[in-house]
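The values are calculated or read from the model by the stated rules, or taken from the named source; none is laboratory data. Note that the coordinates shown come from a computational prediction; the quantities given were computed from them, not determined experimentally. Here Cβ is always computed from backbone atoms with ideal geometry, including for glycine, and neighbour counts include all displayed protein chains. What goes into the accessible areas is simple: the full protein's heavy atoms, side chains included, and nothing from ligands, DNA or RNA. Shrake-Rupley method; radii C 1.70, N 1.55, O 1.52, S 1.80 Å.
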Amino acid sequence: MKSKSKENKLNKLNKLNKLTNKNGKKLKVLFVHQNFPGQFKHLAPALVNLGCDVLAMPLRQTSGVPAGIWNGVKIIPYDISRSSTPNIHPWAIDFESKIIRAEGLFNAALNLRNKQNYQPDIIISHYGWGESLLLKQVWSNAKLGVYCEFFYDADGPENNFDAEFSNPQNFSIEQERCRLYFKNLHSFLTFQNNNADLGICPTFWQRSTFPQEYQQKISVIHEGIDTNFLRPNPNVKIKLSENLTLQKSDEIITFVNRNLEPSRGYHIFMRCLPELLKRRPNAHILIVGGDKVSYGAAPSPEKYGKNSWKNIFINEVRPQISDQNWQRVHFLGNVPYQNFIGILQISSVHIYLTYPFVLSWSLLEAMSCGAAIVTSDTEPLREVIKDNETGKMVNFFDKTTLINTICHLLDNPQERQRLGENARQFAINNYDLQSVCLPKQIQWVKTLAEL
């Protein structure tokens with residue numbers, strides 16, 4: 001049985017660790033994310049553990065969690081009542097969809113305020129879908145913190161990065177500036193008219209895409225990865241079929257996208273396969289990802305018909321690959337997370353390519369698992385991959401160097417081990433959830449609450 005003095009010390013410690021509002025009461029935190037929990041999957045439960053009253057309002061049709069309680073977070077989904085207007089001006093489509101979401105959340109928020117007298121102290125929102133545009137009309141005294149993923153710029157390095165898909169004959173930089181001006185309207189409203197109090201962004205480069213006056217409000221803090229869970233496992237095995245089980249001693253090349261599309265270099269990797277399979281007769285290629293579109297444009301129906309990007313590039317390279325070699329190419333689709341981690345742990349060489357755009361969690365997860373990584377020499381990868389230290393970097397479009405680099409690493413297990421160990425240590429030092437990122441996120445929340 002604990003002594004009273006020890007109990008008092010424990011109570012004081014717990015009280016010190018609790019987050020409260022300016023009146024010393026429970027801090028009420030509202031999360032807004034159409035796909036909740038999204039980037040808040042660690043922060044929201046952590047705030048519950050710190051004594052906060054945490055509520056989340058996702059879009060019912062797309063939320064990752066249903067109404068009810070999730071890890072101590074009360075989930076109240078909102079609905080939208082209409083779809084986009086047929087034949088609307090193409091520059092207005094994106095903003096109208098944001099208005100529709102904003103209206104849906106506004107109505108749900110108004111109902112929550114009027115019927116349940118709910119008054120959040122702070123609102124934390126991924127504002128990219130427009131949902132939080134009208135929340136200050138409901139809760140004018142709440143502090144608003146926004147997750148800042150990307151600010152589109154017609155003159156930025158991400159635009160027309162890949163000439164193959166930029167359609168230069170029909171491209172007008174002036175028209176593109178106009179289109180992106182309207183695409184960024186929700187950012188202007190959020191930071192200026194909607195008075196976002198603070199922002200949070202996962203990488204310095206992503207923050208740099210925002211206007212300078214917005215950057216002053218944005219802290220760079222990554223969501224973090226669980227490096228204790230995401231760790232090397234030499235005993236892992238992956239069963240692909242009744243006749244094929246792969247293990248760490250096999251030669252395995254991995255490639256991961258949320259969806260297989262050019263913005264993540266899928267076309268570049270696929271075009272490497274004919275030569276790569278010839279040079280590596282024992283290698284298996286594991287490709288993870290869906291056949292939809294996450295970031296870039298969908299394939300042009302006029303040019304490609306109804307084909308997905310996945311099938312477009314399969315059809316392009318398949319005639320160059322023998323039936324025997326093609327049996328070593330495995331499209332795994334979207335896999336359960338535990339299986340996904342096993343794929344990273346079993347990888348001999350992991351490939352990550354991207355346009356200058358947002359950084360994928362999968363790269364940091366691969367680093368934490370100790371994979372030997374080859375990436376494109378593009379932003380924001382330069383923040384996490386130091387060439388020849390935590391991985392190898394190659395020009396995004398240089399297929400020959402990519403193939404040679406992969407083959408070199410496959411021939412040099414000690415080099416793979418060195419890069420993998422360095423990558424894991426870098427992930428632990430800079431992106432560990434518990435020791436680095438979550439404490440910074442919580443401090444960011446404290447700062448927001450104290451404004």
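At a Cα cut-off below 16 Å, give the aspartates and glutamates reachable from residue 217, other chains included and same-chain residues fewer than 8 away excluded.
149, 197, 450
How big is the accessible area of residue 355 in square angstrom, nearest 10, if you roll a 1.4 angstrom probe over the protein chains?
Counting only protein heavy atoms, the figure is 30 Å².
Say R0 is 30 Å: what FRET efficiency, to the nearest 0.05, do residue 119 and residue 386 get from their beta-carbon distance?
The pair residue 119/residue 386 has a calculated efficiency of 0.05.
So which cysteines of the chain have no other cysteine's Cβ under 4.7 Å from theirs?
So, 52, 178, 272, 369, 407, 437.
What part of the accessible area of the stretch 401-451, given as a whole %, is carbon or sulfur when the probe is 1.4 angstrom?
46
Among DSSP beta bridges lying fully in the stretch 215-290, give the percent that are antiparallel, nearest 5.
40
Projecting each Cα onto the charge dipole of the chain (Lys/Arg +1, Asp/Glu -1 at the beta carbon, about the Cα centre), which of 277, 37, 159 comes out farthest on the positive side?
The one lying farthest along the dipole's positive direction is 37.
Please give the charge dipole size of the chain, origin at the Cα centre, charges +1 on K and R Cβ atoms and -1 on D and E Cβ atoms. Round to the nearest 20 debye.
With Lys and Arg at +1 and Asp and Glu at -1, about 2100 debye.
Mind listing the Cα extents of the chain along all three principal axes, in Å, largest one first?
Result, largest extent first: 69, 69, 41 Å.
Over the chain, average the accessible area per residue using a 1.4 Å probe and give it in Å², no decimals.
Accessible surface, normalised per residue, equals 48 Å².
Where nothing but the Cβ of Lys and Arg (+1) and of Asp and Glu (-1) is charged, how large is the charge dipole of the stretch 310-451 around its Cα centre, in debye to the nearest 20?
My answer is approximately 200 debye.
At a Förster radius of 30 Å, what calculated FRET efficiency corresponds to the Cβ-Cβ distance of residue 178 and residue 316, to the nearest 0.05?
The computed FRET efficiency comes out at 0.35.
How far apart, in nm, are two points set 7 Å out from the Cα along the Cα-to-Cβ line at residue 291 and at residue 140?
5.3
Please tell me which of these pairs span more than 28 angstrom C-alpha to C-alpha: 278/392; 237/399; 248/306?
Beyond 28 Å between Cα atoms: 237/399; 248/306.
If I fit a long axis through the Cα atoms of helix 399-410 and take the longest principal axis of the Cα atoms of the chain, what angle between them do I get, 0 to 90°, rounded to 10?
The helix 399-410 is inclined about 90 degrees to the chain.
Per the helix-only calculation at 222 nm, which mean residue ellipticity applies to the chain, given -39500 (n - 2.57) for every DSSP H run of n ≥ 4 and division by its residues, nearest 500 deg cm²/dmol?
Estimated from H runs of four or more residues: -10500 deg cm²/dmol.
Work out the charge dipole of the chain with +1 on the Cβ of Lys and Arg and -1 on the Cβ of Asp and Glu about the Cα centre, then indicate which of 65, 425, 384 is farthest towards its positive end.
Of 65, 425, 384, it is 65.
By a straight-distance test (C-alpha under 18 Å), which lysines pair with residue 74 as possible cross-link partners, with residues fewer than eight away in the same chain excluded?
List returned: 26, 28, 41, 115.
Return one number: the angle in degrees, 0 to 90 and rounded to the nearest 10, between the long axis of the Cα atoms of helix 173-183 and the longest principal axis of the Cα atoms of the chain.
Helix 173-183 sits at roughly 40 degrees to that axis.
Among the DSSP beta bridges whose two residues both lie in the stretch 157-314, what percent are antiparallel, rounded to the nearest 5?
Expressed as a percentage, antiparallel bridges in the stretch 157-314 total about 30.
Only residues of the stretch 348-365 count here: report those whose backbone N is under 19 Å from the spot 7 Å along Cα→Cβ of residue 425, or say none.
From the stretch 348-365, the list is 364-365.
If 292, 386 are ordered by their accessible area, calculated over protein heavy atoms with a 1.4 Å probe, which sequence runs from highest to lowest?
If we order 292, 386 from most to least accessible, we get 292, 386.
Can you list the aspartates and glutamates whose alpha carbon sits under 17 Å from that of residue 292, skipping same-chain ones fewer than 8 residues off?
261
Calculate, for residue 79 and residue 25, the FRET efficiency according to 1/(1 + (r/R0)^6) with r their C-beta to C-beta distance and R0 22 Å; round to the nearest 0.05.
My answer for the efficiency is 0.10.
How large is the charge dipole for the stretch 56-116, taken about the Cα centre, if only the Cβ atoms of Lys, Arg (+1) and Asp, Glu (-1) carry charge, to the nearest 20 debye?
260
Could you rank 22, 440 by how accessible they are, 1.4 Å probe, largest area first?
From most exposed to least exposed: 22, 440.
log10 I(q)/I(0), Debye, Cα-only the stretch 199-265, no solvent, q = 0.21 Å⁻¹?
So the normalised log intensities are -1.02.
How much of the accessible area of the stretch 255-397, probe 1.4 Å, is carbon plus sulfur, in whole percent?
Roughly 46 percent, rounded to a whole number.
If only Cα atoms are counted, what is the Rg of the stretch 350-450, and what is its Dmax, in Å?
Taking only Cα atoms of the stretch 350-450, I get Rg and Dmax of 15.5, 55 Å.
Express the C-alpha Rg of the stretch 132-231 as a ratio against the empirical globular expectation 2.2 N^0.38 Å, rounded to two decimals.
1.33
How many angstrom separate the Cα center of the stretch 279-334 from the Cα center of the stretch 89-166?
34
What is the antiparallel percent of DSSP beta bridges lying wholly in the chain, to the nearest 5?
Bridges in the chain are about 15 percent antiparallel.
Using heavy-atom solvent-accessible surface (probe 1.4 Å) with all chains present, what is the largest-first order of 393, 270?
The ordering from most to least exposed comes out as 393, 270.
May I have the convex hull volume per residue, in Å³, for the Cα set of the stretch 219-307?
Per residue, the Cα convex hull of the stretch 219-307 comes to 175 Å³.
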